[in-house]
Amino acid sequence: MVDATHFDGAHGPKPTRAFSRRNIFLYGTLIVVAFYYLIPLYVMVVTSLKGMPEIRMGNIFAPPVEITFEPWVKAWSEACTGLNCDGLSRGFWNSVRITVPSVLVSILIASVNGYALANWRFKGADVFFTILIFGAFIPYQVMLYPMVILLREMGIYGTLTGLVVVHTIFGMPILTLLFRNYFTSLPEELFKAARVDGAGFWGIYFQIMLPMSLPIFVVAMILQVTGIWNDFLFGVVYTKPDIYPMTVQLNNIVNSVQGVKEYNVNMAATILTGLVPLTIYFVSGRLFVRGIAAGAVKG
Amino acid sequence: MSNTHSVEIKNLTLSFGAVDVLKKLDLTIGQGEFLVLLGSSGCGKSTLLNCIAGLLDVTAGQVWINGKNVTWAEPSERGIGMVFQSYALYPQMTVEGNMSFGLKNAKVPKPEIKKRVAHAADVLQIEPLLNRKPSALSGGQRQRVAIGRALVRDVDVFLFDEPLSNLDAKLRADLRIELKQLHARLKNTMIYVTHDQIEAMTLADRIAVMKDGLIQQLGSPDEVYNKPENLYVADFIGSPSMNLLEGVIEDQFFKAGDLSVPLAGYDFSRQANGAAWFGIRPEHVSLGSEAESTDVKLNVKVEVVEALGSDTLALTEVNGTRFWLRTSGQSKISAGDAVTIGFNAAEASLFDKKDEKRL
């Protein structure tokens, strides 16, 4: 015995075996599932690095014999989408110009909405909130055409501004709910103390609430960036070809009927389009989980 | 308006929908007075404090502070400072930031802010903590900072909403003394909400015992303890609570079963016969030889003994109801002992059975 005091039977930490049946089953399942989900991505990456002659040989799982970045370059700057042939780059910048203002404006408005609903119980607050939440349950299809008329009357149909307005409006119910729940979970006494200290509506919002709300802002940002970036329906309905967002352009590239199907270019274009949400997830995944938890649990 | 009234509540009603939380409440608090609002949870004491602070809109009635009608005024314009149970310190600001936040909002010049924060920090002995964030403070330190935040505002009325309830017992006792000293030094009006009767008894100039949105009794700790106005107050104040026997008053005697107490020594506020409650505090029950000279003597059996060191509590039974008595800490009684107890009508409280008011 190393130890001076001797115990009979079980003592100290319970010993664990690395290759217990439980571990083998658990990790085995995880590895199989991970493999299953990664195969499509693998095929996409591999195919995008092959030349067309190699693809025609048909071994979609085989790694490229000769690595070429030609398809990526073509997807980004040369692929044809209907009228113009300058690749996805145009769509990328369109998407950036749509996503950035939509995300900023919608989060800004929704956070103030949520703050007002949580802390300043104005008359009719409950009715307002109910109507807003009801909006989350109306299918988008129902509102497509009325929205077209609305935008036309406002003179912003077919413009980037119009699409930004649409994204902001449609993001409002869920974002307001998110912010309201988060602000409700903050201790009410903090708000009261700030009122006694003479801070007003905006003073409390900017000086007390905002600094405490980073996690929920990250959650809202992730939801909005991925949601708006991945949007196809609104993009195709409310914009014109030269300001199509990246997703619509991707569809036009992949579904173009003239000429040869360039699988490698299609794969590269698809990965390029998915890269932005993917990056967001990798960078802020941890904050995302923390923010979701913070919104759900009181404290 | 006389200047001696610091806070006046006039006919105050607050309703949430159909529920009246406060019912036509009147309360006048003098300059420099320490008033404690005492009651169990849900009695409306915190609601009343929030109404005084202006954090809740009243349904009817008025709130006056320092001779001004502040019923519609913003909390920051009322000349109040408030301390909350959960401290409510702004987590992202330092202690200094917390204390100066209100002054910055009031656009007080910087040198003046610095002076006042330094003064408050000195009074509360928190100078070494000024650059820390609240998360790096202990519970007691946090509550001190919260008090400091009210202190720097240089107001006439301090409102405390159960400020010590989140602290452990020892710290609570220490801070209680400090609060008392602080009040003696500052001489501000203080309104203090608590459910802890020890805090109420030790801190208050006057206690307002509340129940169901009404003030049951308003008086000095001595009055509330020794001459409770009604059965609720008698039962609520004191631990263990007052022994209550059910019976009838007949010709200057209180009769319950075999028990008959002569009431010659009792100071009646109104003469009454008929069904009544007889209440006597455990410490007014004498034991053994001390019981020789009392109005009434009883032989009872001790059922439970709680030796607290400073004193000893014994549970007995009189007329089928629980009956506590308090005796010296060194007393050597134990469960199962047969003892003689006695008490005087002069130290008792009598309540009418019907309206439960003091007789």
Practice problem: Kindly indicate whether B:Val123 is touching a Lys or Arg at 6+ places or on another chain (Cβ under 9 Å), more than 13 Å from chain A (Cβ to nearest Cβ) and either at pLDDT below 90 or surrounded by fewer than 23 Cβ atoms within 10 Å (Cβ to Cβ) (or both). | Solution: yes
Practice problem: Would you mention how many residues in region A:44-69 are free of Cβ contacts under 8 Å to residues at least 40 places away in the same chain, within 21 Å of A:Leu275 (Cβ to Cβ) and part of a helix (DSSP H, G or I)? | Solution: 1
Quiz item: Going through region B:78-111 one residue at a time, which ones are at the interface with chain A (Cβ under 9 Å from one of its Cβ atoms), in a loop (DSSP other than H, G, I, E, B) and either under 31 Å from the mean Cα position of the chain (by Cα) or crowded, with 17+ Cβ neighbours inside 10 Å (or both)?
Solution: B:Arg78, B:Phe84, B:Gln85, B:Ser86, B:Tyr87, B:Ala88, B:Leu89, B:Tyr90, B:Pro91, B:Met93
Quiz item: Among A:Val142, A:Val96, A:Val165, A:Val148, which is the only one that is assigned to a helix (DSSP H, G or I) and touching a residue at least 40 places away in the same chain (Cβ under 8 Å)?
Solution: A:Val148
Quiz item: When both residues are 6+ apart or on different chains and their Cβ atoms are under 9 Å apart, which pairs have a first residue that lies in region A:247-266 and is more than 15 Å from A:Lys74 (Cα to Cα) and among the polar types (S, T, N, Q), and a second that is at pLDDT 80 or above and part of a helix (DSSP H, G or I)?
Solution: A:Thr247/A:Gly91; A:Thr247/A:Ser95; A:Thr247/A:Trp229; A:Thr247/A:Asn230; A:Thr247/A:Gly235; A:Thr247/A:Val236; A:Thr247/A:Thr273; A:Asn251/A:Val236
Quiz item: Could you say which residue among A:Phe137, A:Phe129 is assigned to a helix (DSSP H, G or I) and of a type in the set (A, V, I, L, M, F, W, C)?
Solution: A:Phe129
Exercise. Working only within region B:140-194, note down all residues that are under 27 Å from B:Lys107 (Cβ atoms), without any contact (Cβ under 8 Å) to a residue 60 or more places away in the chain, part of a loop (DSSP other than H, G, I, E, B) and among the hydrophobic types (A, V, I, L, M, F, W, C).
Key: B:Val152
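Okay, residues lined up against (1) in contact with a Phe, Trp or Tyr (Cβ under 7 Å, 6 or more places away or on another chain); (2) buried (at least 16 other Cβ atoms within 10 Å of the Cβ):
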| site | (1), (2) |
| --- | --- |
| B:Glu250 | no, no |
| B:Phe254 | yes, yes |
| B:Leu263 | yes, yes |
| B:Arg270 | no, no |
| B:Trp277 | yes, yes |
| B:Leu287 | no, yes |
| B:Glu292 | no, no |
Quiz item: Of A:Thr5, A:Thr81, A:Thr29, A:Thr68, which residue is at pLDDT below 90 and surrounded by fewer than 11 Cβ atoms within 10 Å (Cβ to Cβ)?
Solution: A:Thr5
Quiz item: Given (1) assigned to a helix (DSSP H, G or I); (2) surrounded by fewer than 20 Cβ atoms within 10 Å (Cβ to Cβ); (3) of a type in the set (Phe, Trp, Tyr); (4) in contact (Cβ under 8 Å) with a residue 40 or more places away in the chain, where does A:Phe183 come up short, assuming only one miss?
Solution: (2)
Quiz item: For region A:177-211, which residues satisfy the criterion of being under 17 Å from A:Ile109 (Cα atoms) and of a type in the set (Lys, Arg)?
Solution: A:Arg180
Self-check item: Filter result (hydrophobic (A, V, I, L, M, F, W, C), buried (at least 19 other Cβ atoms within 10 Å of the Cβ) and facing chain B (nearest Cβ under 7 Å)) within region A:198-218
Solution: A:Ala199, A:Ile208
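The values are calculated or read from the model by the stated rules, or taken from the named source; none is laboratory data. Because the structure is a prediction, the values reported are computed rather than measured. Because the Cβ atoms are built from the backbone with ideal geometry, glycine has one as well, and the counts that use them run over all protein chains shown.
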